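Below is one structure, written out as structure tokens, with a few remarks after it.
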Amino acid sequence: MMRQFPANPDLTVEEFELNMGPQHPSTHGVLRLVLTMDGERVVRCKPVVGYLHRSIEKMAENRTYTQVIPVTDRLDYCTSMTSNYVYVMAVEDLADITAPPRAQYIRVIMSELNRIASHLLWYGTFALEVGATTPFIYGFRDREKVLDLFESTCGARLLYNYLRIGGVSRDLPEDFCERMLAFLDEWEPLIREYEALLDENPIFYNRTKKVGILSPEAALTYGVSGPNLRASGMARDVRREEPYAVYPDLEFDIPVRTEGDVFARYRVRMEELRQSARILRQCAEKLPKGPFLEPQPLRLVLPEGETYVHLESPRGDIGCHLVSKGTDKPYRCKFRTPSFCHIEVFEHLVRDCLIPDIMAICASFDVVLPETDR
Amino acid sequence: MIFDPNPVAFWLLAAMVTGCALAVIRAHKLYHAGLALVGTLFGVAGLYGLLQVWFLAGVQVLVYVGAIVILLLFAIMLTHHMMTPNLKTLSTQPWTAAAMCLMLLAVLLGGILSSTWQTAPDTTVYPTWTSQSGFQVAEAIPSVKALGFRLLDPFTLPFEMVSVLILVAMIAALAVARKPPTPEDPAEGCEEVVP
Amino acid sequence: MEPIFEQFVRDLTGGFQIPFWAPMLVSLGLVLAFIALNAMFMIWLERKICGRIQRRLGPMLTGPKAWARFSMWTGGWFQTPCDSVKLLLKEDIVPAQVDRFGFMLAPVLIFMAALAVYVPLPISSTAHGQPSPIVVAVADLDIGLLYVVAITTLTILAILTAGWASNNKYSLLGGMRAGVQILSYEIPMLFALMGPMVLAGSLSLGDLVLVQHAGLFGVPFLGWFLVPSFLGAVVYLICAVAETNRPPFDMPEAEQELVAGFSTEYTAMRFAMFYLAEFSNTFVVCMIFTAVFLGGWTLPGFVPPGSLNLGFFHLPYFDLLAGMAIFFAKAYAVVLLLMWIRWTFPRLRPDHLMTFGWKFLLPLSFLNLLICTVLAAVQQIYFGGNPG
């Protein structure tokens, strides 16, 4: 494609295509962006997904309801707990099972801990994308402590397979609450440290302010959800709008920013870290005694019907559409994943940006590729 | 010292200058021509160094290699198909070109032969690289300070005139290159044309 | 360098007249050895500092295990030698579609520049405080500063060539970024250095140090050009970081954006050349900063004796060695500052970099030149002559 300057028809600019990914240091796995560039300026951007497609939805159709749970771990490896949760929630909704209160609390604790782990991972990689190396290590260092908590609970550090239909697979260890509170006491002041590294830095400020502005209308049109939507000025959160589990009993705020730029998305996530800590403290206080699992038959047969449930994962609104034909296997198990919607926005946002902005924008949306491709 | 390295250095540098100059016009890739030009300019800087005018040598490298050739290379990088060897290195009008070259040669030779070459008073250790002087600038050769005084004392007016001239040339170049945007087309407005 | 070298040889051998090329050869060998060893140490230090800033230990496993048990600063001493051997033994790949001539020339060119720039850097002198001290440098050129700046431009040439010859879009973008960046930061850098030049009335780095030792307005503590030319020092340091492509100005090789920029296609020794040159240039920048703004090998009010006599043992060339120690201590202080900056800041965006350079640093360096000129005039009128 040639561009001509009206003032001087002899002067033409030749655009060139730059293939960023699927193997590139900062496309987070295997996202491919086909960029049409004019020098360093992006003229067009076409995200290409599907390099990590493992047909999770199809696999789900060939397994019994319980057997699907470990598969959902692989939906989004950064927040396996919420991926587990959304599927378990769909099955419970269809089978009309209610988990015991203790299990409900444990699930919320796990979701929020996982939100912290995921946001810490995001904080590290996001800072890395804008060229700061140290925050990456900071984020990972503290994420390890969260993973230690997970490990003591379910034995795994990344893919937990912890939730069960009707509860959770095992009870929390004896001293879990004390250790969690100790972690929170130690870690919460460190959020200030994370912010100090980036917030007050003019370089960071210049690179994120007024970059990749997503208007609330566009955000809704594209189906953006979660922190990204809240950074565009829409105070929407599944935990508040359609409360599930024990969220109605818990007090927390929904951080909202109105700018809709990269900086706003960063700030919203940092605030969410604090809110998660707040929720966790309340849970530790209110955690009831009792059974953690209402045992279900190994081959659970669900009545005919279909349901759609969704919840707030660290990345946004994750949903599961489950159809049962009255057998022991799902007839259809469709996941609505936030990252898929977020990738679509790139095409719109990245236009007329510079290469470094692509990195900042893509990273700010916290896209996780396995969740996109499923 | 019996061995005087100066002539050797001179002939080496002269060979470098000429060879690179030939390479500039004979290179098949524009970028190689640019690189060869750097070699030529460096050789000339070396010759200045041999004459112990270090300041001139430094300025030669700084201005010609550091600024002008770099800009040239930038321009080359923006050309089409810069990796393909597509340069015709011989002129399509060889006889005209040869005549022009001979004329230029005649003018240059005339200038060189008719000039009375004023050399620096040879009172110092200048030509020999004895272990005493080495790279050190000998005192009798005009130093940077002397050059500065010369430029800003007797030759202030011409010096300033030259800088004004360069400024004028720069502004003129800008004025020529940049046409005023028409009202309906803002400066960066471009339209897409399918080739 | 030569006079000291000669004297040294004469002292040792009892009057042997060395051939004229010997000092050159010896300086070349010394500089080469210095570049390699110093870069190795700097890479180790960089990794340790980075580890300290990020609350890690850095390399700990290579090297004597007993030392590593003692503290994080004693572990992993053999890390960089091991890395160097690894780089040496790796396969040297020249991709099929590259321009072979340019591809092979670029690393040589960049290393040439890195090597040549050491010529006028003074690291010490004999006979401190005496009328005609002999400066220790490969050659204390009359045009030292100009030479350094001129040679630096070779680096742009090498990087541009690497970017172009690699025949890779990322490399090309990286090369272009590097070219633009170095070219535009050279101008404020030159103007920032012009302040000290005016104050000292000389381009020679050795003279600059001696003038600083003499002091401004007769006050030795005002002598370090860091004080009268403070803005210049700040501008110079920023520009110098930009010129060496160090973070936060590492756009040309920004990993997250351009994979590895101009060095994407390079492997093994050729890559090592780029890497080595980068660290070497970083240290050169610190050496220039030390010589121009921090008083080089001198300390205000301190004149080391020509030789140290401790009674039981006699140390000749003490002034020379003390000067070197002071010089390298200062240079490494600047190195630490650069490392601190590197591991704390995010990367700039190329257009912000340009705006910053042209609209902020350049006027600032002009202002600095103005201040320095006024100070030099005051010095000339009220205290007579240049400070030196």
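The values are calculated or read from the model by the stated rules, or taken from the named source; none is laboratory data. From a predicted model like this one, the values you see are computed outputs, not experimental measurements. Ideal geometry is used to build each Cβ from the backbone, glycine not excepted, and the neighbour counts take in all protein chains shown.
Descriptive notes on the structure:
- Failed item in (1) more than 14 Å from every other protein chain (Cβ to nearest Cβ); (2) within 16 Å of C:SER280 (Cα to Cα), with C:VAL108 passing the rest: (1)
- Residue list for the range C:74-105, restricted to those being more than 14 Å from chain B (Cβ to nearest Cβ) and assigned to a loop (DSSP other than H, G, I, E, B): C:GLY75, C:GLY76, C:TRP77, C:PHE78, C:LYS90, C:GLU91, C:ASP92, C:ILE93, C:VAL94
- With respect to the conditions (1) out of contact with any Asp or Glu (no Cβ under 7 Å at 6 or more places or on another chain); (2) surrounded by 20 or more Cβ atoms within 10 Å (Cβ to Cβ), A:ASN19 lacks only one, and its number is (2).
- All conditions in (1) more than 30 Å from A:ASN201 (Cβ to Cβ); (2) without any contact (Cβ under 8 Å) to a residue 60 or more places away in the chain hold for A:VAL268, with the sole exception of (1).
- Test result for C:LEU141, in a loop (DSSP other than H, G, I, E, B) and within 12 Å of another protein chain (Cβ to nearest Cβ): yes
- Condition check for B:PRO195: assigned to a loop (DSSP other than H, G, I, E, B), surrounded by fewer than 10 Cβ atoms within 10 Å (Cβ to Cβ) and either at pLDDT below 55 or out of contact with any Lys or Arg (no Cβ under 9 Å at 6 or more places or on another chain) (or both): yes
- Wholly enclosed helices (runs of 4 or more DSSP H) of the range A:218-292 bearing at least 2 residues closer than 26 Å to A:ASP93 by Cα: A:238-241, A:262-286
- Those helices (runs of 4 or more DSSP H) lying entirely in the range A:307-374 with at least 2 residues away from every other protein chain (no Cβ under 14 Å), within 12 Å of the chain's Cα centre (by Cα) and crowded, with 22+ Cβ neighbours inside 10 Å: A:338-349, A:369-373
- Residue in the range C:189-207 that is surrounded by fewer than 23 Cβ atoms within 10 Å (Cβ to Cβ), within 12 Å of chain B (Cβ to nearest Cβ) and under 20 Å from C:ALA113 (Cβ atoms) present: yes
- Qualifying residue in the range C:318-325 (condition: in contact (Cβ under 8 Å) with a residue 24 or more places away in the chain, aromatic (Phe, Trp, Tyr) and either part of a helix (DSSP H, G or I) or closer than 30 Å to A:ALA360 by Cα (or both)): no
- Subset of the range B:1-60 [away from chain C (no Cβ under 12 Å) and not in a helix (DSSP H, G or I)]: B:LEU51
- Any hit, the range C:351-369, residues being closer than 26 Å to C:ILE53 by Cα and either in a strand (DSSP E or B) or at pLDDT 80 or above (or both): yes
- Criterion (at pLDDT 80 or above, within 14 Å of chain A (Cβ to nearest Cβ) and in contact with a helix residue (DSSP H, G or I) (Cβ under 9 Å, 6 or more places away or on another chain)) met by exactly one of C:ALA260, C:ALA242: C:ALA242
- Long-range neighbours under 9 Å by Cβ, at least six apart or interchain, first residue away from chain C (no Cβ under 11 Å) and touching a residue at least 40 places away in the same chain (Cβ under 8 Å) within the range A:117-134, second surrounded by fewer than 24 Cβ atoms within 10 Å (Cβ to Cβ) and β-branched (Val, Ile, Thr): A:LEU120/A:VAL146
- Every condition in (1) modelled with pLDDT of 85 or more; (2) surrounded by 21 or more Cβ atoms within 10 Å (Cβ to Cβ) is met by C:GLY75 except one, and the failing one is (1).
- Condition met for A:LEU198 (in contact (Cβ under 8 Å) with a residue 24 or more places away in the chain, more than 14 Å from chain C (Cβ to nearest Cβ) and surrounded by 15 or more Cβ atoms within 10 Å (Cβ to Cβ)): no
- For the range A:98-119, a residue qualifies if it is outside any helix (DSSP H, G or I) and in contact with a strand residue (DSSP E or B) (Cβ under 9 Å, 6 or more places away or on another chain), and the qualifying residues are A:ALA99, A:PRO100.
- Just so you know, in the range A:67-97 the residues that are over 16 Å from the mean Cα position of the chain (by Cα), β-branched (Val, Ile, Thr) and in a helix (DSSP H, G or I) include one that is nearest to A:LYS289 (Cα to Cα), and it is A:VAL88.
- Put simply, of B:ALA138, B:ALA120, B:ALA99 the only residue that is small (Gly, Ala, Ser), surrounded by 10 or more Cβ atoms within 10 Å (Cβ to Cβ) and modelled with pLDDT of 75 or more is B:ALA99.
- Residue check for C:THR161: at pLDDT 85 or above, assigned to a helix (DSSP H, G or I) and crowded, with 18+ Cβ neighbours inside 10 Å: yes
- Filter result for C:LEU226 (more than 14 Å from chain A (Cβ to nearest Cβ), under 24 Å from B:ALA67 (Cβ atoms) and either among the β-branched types (Val, Ile, Thr) or touching a residue at least 12 places away in the same chain (Cβ under 8 Å) (or both)): no
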